[in-house]
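The values are calculated or read from the model by the stated rules, or taken from the named source; none is laboratory data. All values reported here derive from a predicted model rather than from experimental measurement. FYI the Cβ positions are ideal-geometry reconstructions off the backbone, even for glycines, and counts take in every protein chain you see. Note: areas computed on protein heavy atoms with side chains; ligands, DNA, RNA excluded. Shrake-Rupley method; radii C 1.70, N 1.55, O 1.52, S 1.80 Å.
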Amino acid sequence: MKILVTGGCGYIGSHTCVELLEHGYEVIVVDNLVNSKRDVIDKIKEITGKSVIFYEGNVQEEKLLVSIFKKHKIDAVIHFAGLKAVGESVKKPILYYQNNLDSTLVLLKVMEQFDVKKIIFSSSATVYGSQNKVPFKESDPVGGTTNPYGTSKLFIEHILEDLVVAAPEFHVVILRYFNPIGAHKSGLIGDNPNGIPNNLMPYITKVASGELEYLNVFGNDYPTKDGTGVRDYIHVVDLADGHVKALDKVTKEKGIHIYNLVTGIGYSVLEIVSAFEAVNQIKIPYVIKERRDGDIAECYADVQKAKKELGFQTKYGIQDMVRDSYQFYIKKK
Ligand code: NAD
Ligand code: UFG
C-alpha cells in the first residue's frame, strides 16, 4: 500500500515513516521543511534500509499535490503537515489559519479528485479546551480553544466531520495527541526545534547539556500532586506505532473515528525532572516561575477507546522517554 505522509520530515511524521516502512508500506513524503530538515529523509533510510519518495513543497500548492497524486496511486494519506507553536500562533494567527486550514482543504480537494478517500489527521488535546475534566474522553465536548493553533485543529476536526456527512464513503481517523517526547533508539531522529524551546523536554535537554542555565518551572501552585502541571507524556515511537494501527482502521472502516493516543498516565513537571535526573545521572537546576498563560493544571486522557478499537498499547515508560530524548540530543550535537 502507498501512503502519502504530509509533514513526514517532522518529529512525529519521521518516526511514523520509520514504522510504516518497517511494516511494509510504501511511503511518499511531502514537506516544505518549514520546521524540519531534509537530512531526515536520509536518516529514515539509515534506520530502515528503505527509501521514501520525497517531494519538497507546500501542501497548500494544489498543482504540486495534483502532480504527486497523478504520479503515484496513493491508497491513504496521513496528514501531519501544520504549524504547531502555540505562542507563535497568537502573534501570527493568519499564518497559522492559512497554513493549517489551506493545506488541509487543498489536500482534501485533491484527494476527492483522485478518488482517494482515506485520511488520518493529527489533532491535539488542545481541542478539549479547559472546560472538561480529566481524564479526557473522545466523547467529551470540544471547543473553548485558547489560541489560533488550537482553533485551527478544532476547525479541521469540524471540516472532516462535515466532509463525512456529505461524502459518507470517506474513511477518516482523527488522532488526538497529548505530549509526545522521546526519540528513535538510534538517536538519528527526534524533536529538533529551532531556537529556545517552548516545550518541556527539549528545554530540559538543553539545560542538561549546559546550553541553558536552568529550567523555568511554570507554576507550583496548581491543584496537582506536587503543584506543578501534569501531562500525559508518550514515547514518540509508541505514538508512531499508533498510526500503523490507525491505518488498519482507516483502511477497513468508513465514517469518522476519533482516538486519544495516550498512555493515560499523568506526570508532573517535577516528576519528569526527577526521572530525567535519575536515568541520565545529570542534575537539572530549576527555578519556580509564574504560571504560563494558557496552561491548564492537568491534561491526560482515557486510552480505552484506542486500546479496544485499535489494539493500541504503549511499550515504553517514562524512563525510556527521558533516556531517548537525551540520547538524541547528545548525538545530534
Ligand atoms: P513538526 O513541526 O516537527 O512537523 C510538522 C512538519 O510539517 C514539519 O516537517 C514542517 O516542515 C511541515 N509543514 C508544515 N506546514 C507545511 C505545509 N504547508 N506544507 C508542507 N509541509 C509543512 O511537528 P510534529 O510535532 O511532528 O507534529 C505533527 C503534527 O501533529 C502537527 O500537525 C502538529 O500540530 C500535531 N501535534 C503535535 C503535537 C506535539 O506535541 N508535537 C501535539 C499535538 C498535535
Ligand atoms: N513547562 C515548564 N517549563 C518549560 C516548559 C513547560 O514548566 O520550560 C511545563 C508547562 O507549564 C506544562 C508542562 O511543562 O505544565 C508541559 O508543557 P509543554 O510546553 O511541553 O506542553 P503543553 O502541554 O503545554 O503543550 C502540548 C503541545 C501543544 C498542544 C498542547 C495541548 O506541545 O502543541 O499540548 O494540550 F497544544
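Cα axis of helix 11-22 to longest principal axis of the chain: angle in degrees, 0 to 90, nearest 10?
Taking the Cα atoms of the chain, the angle to 11-22 is about 60 degrees.
Of Phe121, Phe218, Phe312, which is the most mobile in a GNM of the chain whose springs link Cα atoms less than 10 angstrom apart?
Phe218
For a test of the definition: using alpha carbon positions, the gyration tensor, and the 1.5 limit on a/c, classify the stretch 1-82 as rounded, prolate or oblate.
oblate
Anyone know which of Gly24, Gly195, Gly144 comes out most mobile in the 10 Å Cα GNM of the chain?
Most flexible of the set in this elastic network: Gly195.
Which order do you get for Leu20, Leu83 if you rank them by accessible area with a 1.4 Å probe, largest at the top?
Result, largest first: Leu83, Leu20.
Rounding to the nearest 10 and keeping the result within 0 to 90°, find how far the Cα-based axis of helix 236-252 lies from the longest principal axis of the chain.
Result, in degrees: 30.
Assuming a ≥ b ≥ c are the square roots of the Cα gyration tensor eigenvalues, decide whether the chain counts as rounded (a/c under 1.5), prolate (otherwise, with a/b larger than b/c) or oblate.
Because a/c hits 1.5 or more and a/b exceeds b/c, the chain counts as prolate.
Quick one: accessible area per residue over the stretch 1-110, 1.4 Å probe, rounded to a whole number of Å²?
Computed with neighbouring chains in place, this is 45 Å² per residue.
Per residue, how much accessible area does the stretch 257-333 show when a 1.4 Å probe rolls over the protein heavy atoms, in square angstrom?
On a per-residue basis, the stretch 257-333 sits at 53 Å².
Pairs Lys137/Lys307; Lys43/Lys332; Lys43/Lys84; Lys118/Lys252; Lys37/Lys84; Lys185/Lys333: which exceed 20 Å Cα-Cα?
Lys43/Lys84
Using mean Cβ contacts within 10 Å as the protection proxy, how do 153-159, 324-330 order, highest first? Let's see the in-between values first.
On the way: 153-159: 19.0, 324-330: 21.4.
Output ranking for 153-159, 324-330: 324-330, 153-159.
Looking at Ala166, Val134, His184, which one has the Cα that reaches farthest to the positive end of the dipole of the stretch 106-192 (charges on Cβ: Lys, Arg +1; Asp, Glu -1)?
Farthest towards the positive pole: His184.
Please report the carbon-and-sulfur percent of the accessible area for the stretch 269-333; probe 1.4 Å, protein heavy atoms only, DNA, RNA and ligands left out.
47 percent
Can you find, among Ala240, Ile288, Thr251, the residue farthest towards the positive end of the dipole of the stretch 196-333? Put +1 on the C-beta of Lys and Arg, -1 on that of Asp and Glu.
Thr251
Tell me the Kirkwood radius of the stretch 86-147: reciprocal of the mean inverse pair distance over distinct alpha-carbon atoms, in Å.
It is 13.9 Å.
Semi-axes of the stretch 1-140's equivalent ellipsoid from the Cα gyration tensor, sqrt of 5 times each eigenvalue, largest first, rounded to whole Å? Numbers along the way, then the final one.
Values: eigenvalues 129, 66, 54 Å².
Ellipsoid half-lengths, sorted descending, are 25, 18, 16 Å.
Hey, what angle do you get for helix 148-166 against the long axis of the chain, alpha-carbon based, 0 to 90 degrees rounded to 10?
With rounding to tens, the tilt is 30 degrees.
For the stretch 119-233, what is the largest minus smallest coordinate of the Cα atoms on each principal axis, given in angstrom and ordered from greatest to least?
54, 38, 24
How much of the accessible area of the stretch 64-115, probe 1.4 Å, is carbon plus sulfur, in whole percent?
58 percent
Kirkwood hydrodynamic radius (Cα pairs, Å) of the stretch 193-307?
One over the average 1/r among Cα pairs gives 16.1 Å for the stretch 193-307.
Only Lys, Arg, Asp and Glu count, each charged at its Cβ (+1, +1, -1, -1), so figure out the dipole size of the stretch 55-189 about its Cα centre, rounded to 20 debye.
Computed about the Cα centre, the dipole is about 380 debye.
Highest mean first, what order results for 246-254, 98-106, 67-75 on Cβ atoms within 10 Å? Walk me through the intermediate numbers first.
Values: 246-254: 17.2, 98-106: 19.1, 67-75: 15.6.
Top of the packing list down: 98-106, 246-254, 67-75.
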